[in-house]
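For reference, the structure is listed below as C-alpha cells.
The values are calculated or read from the model by the stated rules, or taken from the named source; none is laboratory data. None of the values given here were measured: they were computed from a predicted structure. Reconstructed Cβ throughout: ideal geometry from the backbone, glycine too, with neighbour counts over all protein chains shown.
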Amino acid sequence: MSALALKGPYWVTVRQYRRTLWLAVAVVVVSLAVIGGLRIWDARTPDPISKDGTWFPGDDRAYDLLRAALEYTGGGMLLLPLLVGAFVAGPLIAREFESGTYKLSLTQSVSPVAWLRAKLLTSTAAALLTALALAGVFRIGWSGLPGTWFMKWDPVPYAAVGVVLFGHLLAAVAVGALIGLLIRRTLVAMAVTGVTMGVVLAVLGAFRWSFLPVVTATGPVGSNFHAPWTA
C-alpha cells in the first residue's frame, strides 16, 4: 500500500485542498442518498401499462420528485466544468503566484514542471472521479423513469451521462490552468475562466447537432413519411 501513497507535490496538493475534496465526496453521498431513496420509493409502486402500451406512473409523487431531483442533479453537472475551471485557475494556480507560496515548493527540489503537473493531475483525477460518481448516481435514477421521453434529452442527460461531461472537464482544466498561469490573480482568473468556459459550452451546445453526419432519406410524394431513427 505504501507504493500507492501520494508523495511529494501530490501529497501537498491533496493536503492543501482536502476540504474541497471532502466537499466533493459529500455532494456525491448526498446525491446518492436523495436519488437512491426516491428511486426505492418509486420502485415500491408498480407502474401500470395499459393494453395499448401506454405507460403512466403508479405514484405521481415519487415520480415527480425523482424527475425533479434528476433535473437539479443534471443541471449541477452541467455547471461542473465551470466550477472546476474556476477552481483550477483561481485557488489552485493563480493564488499560488499571487501569494508567492509556489516558491516554497520550488525550494524543495521540485521543478516548476513537476509542481504544475502535480496540481493538474490531482485536480483532473478528482474532477473525473467526482463526475463518474455523479453520472452513476444519475443513471440510478434515470433507470427508474420508463417515461424518459418527458425529459428533454439535450442538454441534461446527453451532457451528464456520457463522455461529453468528461471532455468538458478536461477542457475546463486546460483553460483554467492556462488562464491561471497568465493572469496570476485569483478572483480575476476565476472570473475570466468562468466566462470563457461559459462561452465555450454555449457555442458547443448551439452547434452540437451540426457536428453530426447528415442522413438523407427519400419517400414517395403524398405518403405518410417519417424520418428514420439512426444509432
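Within the set Phe166, Phe207, Phe138, the sole residue that is under 14 Å from the mean Cα position of the chain (by Cα), modelled with pLDDT of 75 or more and surrounded by fewer than 19 Cβ atoms within 10 Å (Cβ to Cβ) turns out to be Phe166.
From the list Leu128, Leu79, Leu92, the lone residue that is without any contact (Cβ under 8 Å) to a residue 40 or more places away in the chain and out of contact with any His (no Cβ under 9 Å at 6 or more places or on another chain) is Leu79. Among the residues making up region 173-198, those that are under 25 Å from Phe138 (Cβ atoms), in contact with a Ser or Thr (Cβ under 8 Å, 6 or more places away or on another chain) and of a type in the set (A, V, I, L, M, F, W, C) are Val173, Val175. Screening Val173 against (1) more than 17 Å from the chain's Cα centre (by Cα); (2) closer than 17 Å to Leu120 by Cβ leaves a single unmet condition, (1). Considering region 84-133, the residues that are basic (Lys, Arg) and within 15 Å of Thr20 (Cβ to Cβ) include one that is nearest to the chain's Cα centre (by Cα), namely Lys119. Condition test on Arg95, is it at pLDDT 85 or above and closer than 26 Å to Gly198 by Cβ? Answer is yes for this residue. Counting just the residues of region 98-119 that are of a type in the set (Ser, Thr, Tyr) and either on the phi > 0 side of the Ramachandran plot or part of a loop (DSSP other than H, G, I, E, B) (or both), which one comes out modelled with the highest pLDDT? Going through the qualifying residues, I end up with Ser111. When we screen Ser143, Ser109 for residues that are touching a Lys or Arg at 6+ places or on another chain (Cβ under 9 Å) and either closer than 24 Å to Tyr72 by Cα or free of Cβ contacts under 8 Å to residues at least 60 places away in the same chain (or both), the only hit is Ser143.
Output yes when any residue across region 36-58 is surrounded by 17 or more Cβ atoms within 10 Å (Cβ to Cβ) and either polar (S, T, N, Q) or at pLDDT 85 or above (or both), and no when none is. The answer is yes; a qualifying residue exists.
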